[in-house]
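**Q** One structure follows; several queries about it will come next.
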Amino acid sequence: MKSKRPQLNHAARLAEKHFGICEHQLCIGDISIEELTNQFGTPLFIYHQDTITKTIRDLQSRLPDRFQLYYSIKANPNATILRTVLAEGCGLEIASQGELQQALAAGCEPKQILFAGPGKTTTELSAALDAGIGEIHVESIEEARWINQLAGEKRSVESISLRVNPVDTAGGAMQMGGKPSPFGIDEETLESVVAEIQQQDNTKITGVHIYMGTEILDAEILLPQYHRGISIANAVAQQIESPLATLDFGGGLGTPYFAHETELDLDAFQRGLIEIDEVMASSPWLADTKAIIEPGRFLVNEAGIYVARVTRVKRSRGKIYAVIDGGMHHHLAASGNLGQTIKRNYPLAILNKIDVPHSADLVEIVGPLCTPLDTIGRSISLPSIEAGDLVGVFQSGAYARAASPLGFLSHPTPAEVLVSENDAHLIRRRGTVGDLLIDQQLESTNTDSTDTDSTDTD
């Protein structure tokens, strides 16, 4: 009689959905986690290129023709990741001059780059204009004035899109509009802002950008916000008496981090987008307007795993602590210290025992840092854990390494590896202790003013 397979937890379900389980351990393609860590060491970020590609293609297949995907670089700015999304026809959304340089280095056509963010400096704006990017998304009247001045100096007329902070919004793990905010132009001031920009000689309003919130898992929350964006875009187009080239609905498509959460219903989302498309087609101002969706997390998050090795297991006053060789300095979000009001565990597993029955004991997974904040798993049920085991944090493809205090306590940075079609290769080397001194300026402690190198010798 065949034995009954134990019920998979959230982490194991993700492993089975995107990767594989072989001989009780995680496999990515045909490569086991032990092979990967033996080759590349730990701590380690692993990204599955096939999962990224599949996710992008699945979402693209549901978009009406006028819609285009732009990848938000901030989610994971690794150059190989950028090239992967570019190969699938995505544009790139940037939020700094550094991200602009990465986008160009990855081979992105400048016209396929959008620049958003509330704190653009004149240096960054000038670099974006020089590069000839597609659009700058203006977040204040002051920014519009700067662009007009810079464009005048360059004797050009620049296309700008207006990011709008709407009067009301709803939903999302982090609300980005509908309240006082550094992001966007307040809707109630929009008419006067548009009027002033219309008087500028070197800027031209060609688009509207509206972004309500992040990590939305309900299509019924996303879609009304898109309709709100259409209403605002129509009002702007009527005021400038010109159709818009672009309407950017922002990102916000979520992925379920926790077991009680459900995935975004892409079928419902698709049905809503078809209706959005029809509404835009019926507007004289938006009939030929390109619609933009710019997810970051949604495209890459489930493709990533953070892996660290257990260095020791100890007991303290009734609790079991498994100490790993990585932690919050590499993955701040998994520690619960990146915006979580209630600290909840990311999907976590012992990757070399991924479908092994769990022990009755609850375990604390902690890193090597000298702070109690360095906790990756709290009171978590796992198989019996021991030194040498491999702890894996799923949902680590976005806002993991990129959003972490990598310099905290001066540990070397983790390596990053891409697995594709059963081939694994390094896409960012592991840091070294020596790296910590690369950008430091060390002053000489020699108080002797004698310069022996300049002494004349006849």
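**Q** Return yes when Thr457 is modelled with pLDDT under 75, more than 47 Å from the chain's Cα centre (by Cα) and in a loop (DSSP other than H, G, I, E, B) and no when it is not.
**A** Answer is yes for this residue.
**Q** Considering each residue of region 222-239, count those that are surrounded by fewer than 18 Cβ atoms within 10 Å (Cβ to Cβ), over 17 Å from Ala281 (Cα atoms) and among the hydrophobic types (A, V, I, L, M, F, W, C), and give that number.
**A** The total comes to 0.
**Q** Continuing with the same structure: Given the criterion within 18 Å of Thr80 (Cβ to Cβ) and touching an Asp or Glu at 6+ places or on another chain (Cβ under 9 Å), identify the matching residue among Leu44, Leu36.
**A** Leu44
**Q** Would you confirm, using the coordinates I've provided, whether Pro243 is touching an Asp or Glu at 6+ places or on another chain (Cβ under 7 Å) and more than 30 Å from Ile342 (Cβ to Cβ)?
**A** Yes.
**Q** Which residues, counting only those in region 92-107, are surrounded by 21 or more Cβ atoms within 10 Å (Cβ to Cβ) and either over 17 Å from Asp248 (Cβ atoms) or touching a Phe, Trp or Tyr at 6+ places or on another chain (Cβ under 6 Å) (or both)?
**A** Answer for region 92-107, where residues must be surrounded by 21 or more Cβ atoms within 10 Å (Cβ to Cβ) and either over 17 Å from Asp248 (Cβ atoms) or touching a Phe, Trp or Tyr at 6+ places or on another chain (Cβ under 6 Å) (or both): Leu92, Glu93, Ile94, Leu100.
**Q** Considering only region 67-79, I want to know if a residue exists there that is closer than 30 Å to Ala308 by Cα, touching a Cys at 6+ places or on another chain (Cβ under 6 Å) and outside the structural domain of Leu418 (by TED's automatic domain parsing).
**A** Yes, region 67-79 has at least one match.
**Q** Give the residues of region 108-130 that are surrounded by 16 or more Cβ atoms within 10 Å (Cβ to Cβ) and not aliphatic (A, V, I, L, M), sorted by residue number.
**A** Answer for region 108-130, where residues must be surrounded by 16 or more Cβ atoms within 10 Å (Cβ to Cβ) and not aliphatic (A, V, I, L, M): Cys108, Gln112, Phe115, Gly117, Lys120, Glu124, Ser126.
**Q** Within region 2-17, identify whether any single residue is at pLDDT 95 or above, within 21 Å of the chain's Cα centre (by Cα) and either part of a strand (DSSP E or B) or not small (Gly, Ala, Ser) (or both), and answer yes or no.
**A** Scanning region 2-17 turns up no residue that is at pLDDT 95 or above, within 21 Å of the chain's Cα centre (by Cα) and either part of a strand (DSSP E or B) or not small (Gly, Ala, Ser) (or both).
**Q** Further, regarding this structure: If you go through region 83-90 one residue at a time, do you hit one that is under 14 Å from the mean Cα position of the chain (by Cα), closer than 22 Å to Ser396 by Cβ and assigned to a helix (DSSP H, G or I)?
**A** Taking every residue of region 83-90 in turn, at least one turns out to be under 14 Å from the mean Cα position of the chain (by Cα), closer than 22 Å to Ser396 by Cβ and assigned to a helix (DSSP H, G or I).
**Q** Output the number of residues of region 251-287 satisfying the condition of being over 23 Å from Ile56 (Cβ atoms), aliphatic (A, V, I, L, M) and surrounded by fewer than 16 Cβ atoms within 10 Å (Cβ to Cβ).
**A** Qualifying residue count for the region: 4.
**Q** Which of the residues spanning region 243-288 are of a type in the set (Phe, Trp, Tyr) and at pLDDT 95 or above?
**A** Scanning region 243-288 gives Phe249, Phe269, Trp285.
**Q** Given (1) surrounded by fewer than 22 Cβ atoms within 10 Å (Cβ to Cβ); (2) in contact (Cβ under 8 Å) with a residue 24 or more places away in the chain; (3) among the hydrophobic types (A, V, I, L, M, F, W, C); (4) within 23 Å of Glu416 (Cβ to Cβ), identify the lone condition not met by Ile141.
**A** (4)
**Q** Here is a follow-up. Among what's in region 291-300 and is part of a strand (DSSP E or B) and not small (Gly, Ala, Ser), pick the residue that is surrounded by the most Cβ atoms within 10 Å (Cβ to Cβ).
**A** Ile292
The values are calculated or read from the model by the stated rules, or taken from the named source; none is laboratory data. Note that the coordinates shown come from a computational prediction; the quantities given were computed from them, not determined experimentally. All Cβ positions, glycine included, derive from the backbone under ideal geometry; neighbour counts span all protein chains shown.
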